[in-house]
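Below is one structure, written out as structure tokens; comments come after it.
We did not get these values from a lab; they are worked out from the coordinates using the rules stated. These numbers come from a predicted model, not from an experiment. So basically every Cβ, Gly included, is an ideal-geometry build from the backbone, and we count neighbours across all protein chains shown.
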Amino acid sequence: MRTVFLSRKRVAASVLLAGLLLLLSAALLTQSFAQNEEKTALTDPEKAILSQIRGLRQLDDATRARSTKELALQIRQLPLDPTKVRLAGALADLSTEGDFGQDTLQEVTTTLAQAIREQPPVGKPGDPSSLYLELASLVRYEHMQASSDNPQFAEAMAKLEAADAARQKADFTLTDLQGKAWHLRDLRGEVVLVNFWATWCPPCRKEMPDLQALYDKYKEQGFVVLSISDEESSKVAPFIGEKQISYPALLDPGSKVHELYLVEGIPKSFVYDREGKLVAQSIDMRTRSQFQAMLAQAGLQ
């Protein structure tokens, strides 16, 4: 999820200044370990786990699923230490980039829940720690089993619920690369998938061929993909041309629609049915079968 609650402006700055996001493979890994690695001496097992987490994106999906599950179990066995909860969060952050199996994701969720129960991260009143938001997202959007009696978890769940209510009410008008204006509310009667992405985002690039395939399959049935980037046209246009993407690529100067949707990590996708109801959403990259399941909730089979 790179983390889903890390500021997009800070993510973009890290890419421009140092390419740190790609180097460490996940935004949570960047945020947590870059700030704490010098302060906390890692043990040899922690170093080995961190190295494997950093390399997960280089693995094929089957190997990555197996490695992710093994890493979750290894983290669970670590002694109580500040690094343990950061490793659990970093692994969770990467574990929703596609479909690595419900069993694997449940192990990751259980590990994160245990780690924050053992050593609760500090939040602020009304502003829960990003790790509680990560756990709440796994429960709300990935349908994982986890609970916590810490007030931050309840605050995190409430924050996600409020964000979804705002997205249901959201409306916007943006222009595509050809200069055509697209107004969300004008698309009632169609099934609409709103996708937030960027050219620099590896998970975004990975899911685009599957989005294109589904667009080709369902566009005659009234299916519209609105892909939204806050980058400049000079970056988006050549990328879209190179990847041969035919669904609309909309420009969001100033990130106003990103802010409207409370998007703080990409990719993100939201599916509206023909009545304009928000029926499904993703917190990270999706595979074709996962997108298909989202579309089925809007009546596309």
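Sort 83-89, 172-178, 69-75, 228-234 by packing, meaning the average of other beta carbons within 10 Å per residue, with the highest value first.
83-89, 69-75, 228-234, 172-178
Going by the alpha-carbon gyration tensor, a ≥ b ≥ c the square roots of its eigenvalues, is region 173-296 rounded (a/c under 1.5) or, if a/c is not under 1.5, prolate (a/b greater than b/c) versus oblate?
Because its axes are fairly even, with a/c under 1.5, region 173-296 counts as rounded.
Could you please report the charge total around residue 43, scoring K, R as +1 and D, E as -1 over all other residues with beta-carbon less than 12 angstrom from its beta-carbon? Could you put the intermediate results ahead of the total?
Working: positive: 47, 84; negative: 44, 46, 81.
Here the count lands on -1.
Give me the one-decimal nm value for the distance between modelled label points at residue 59 and residue 180, 7 Å along each residue's Cα-to-Cβ direction.
4.2 nm
Run the dipole for region 173-296 about the Cα centre, Lys and Arg Cβ at +1, Asp and Glu Cβ at -1, nothing else charged, and hand back the magnitude in debye, nearest 20.
240 debye
Considering only 88, 109, 123, whose Cα is most displaced toward the positive end of the charge dipole of region 75-153, charges sitting on Cβ of Lys, Arg (+1) and Asp, Glu (-1)?
123
Would you pull out the residues with amide H under 5 Å of residue 284's amide H, same chain only if 5 or more places away, H placed 1.01 Å from N?
Counting only residues 5 or more places away or on other chains, the set is 269.
Within the set of other residues whose C-beta is less than 12 Å from the C-beta of residue 88, count the net charge using Lys and Arg as +1 and Asp and Glu as -1. Provide the component values of the computation, followed by the final result.
On the way: positive: 76, 84, 86, 117; negative: 46, 81, 93, 107, 118, 134.
Local charge sum for residue 88: -2.
Along the charge dipole of region 173-296, Cβ charges K/R +1 and D/E -1, which of 209, 254, 184 sits furthest on the positive end?
Value: 209.
Based on the Cβ-Cβ distance of residue 188 and residue 219, what FRET efficiency does E = 1/(1 + (r/R0)^6) give at R0 = 22 Å, to the nearest 0.05?
The pair residue 188/residue 219 has a calculated efficiency of 0.80.
Within the set 180/219; 217/277; 47/268; 69/219, which residue pairs have Cα atoms separated by over 28 Å? Don't skip to the end; give the middle numbers.
Values: 180/219 18 Å; 217/277 22 Å; 47/268 31 Å; 69/219 37 Å.
Result: 47/268; 69/219 exceed 28 Å.
Tell me the net charge near residue 212. Cut-off is 14 Å between Cβ atoms, residue 212 excluded, with +1 for each Lys or Arg and -1 for each Asp or Glu.
Spelling it out: positives minus negatives among the neighbours equals +3.
By how many nm would the segment from residue 48 to residue 76 grow when fully extended, if each residue of separation counts as 0.36 nm and the alpha-carbon distance is taken off?
8.7 nm
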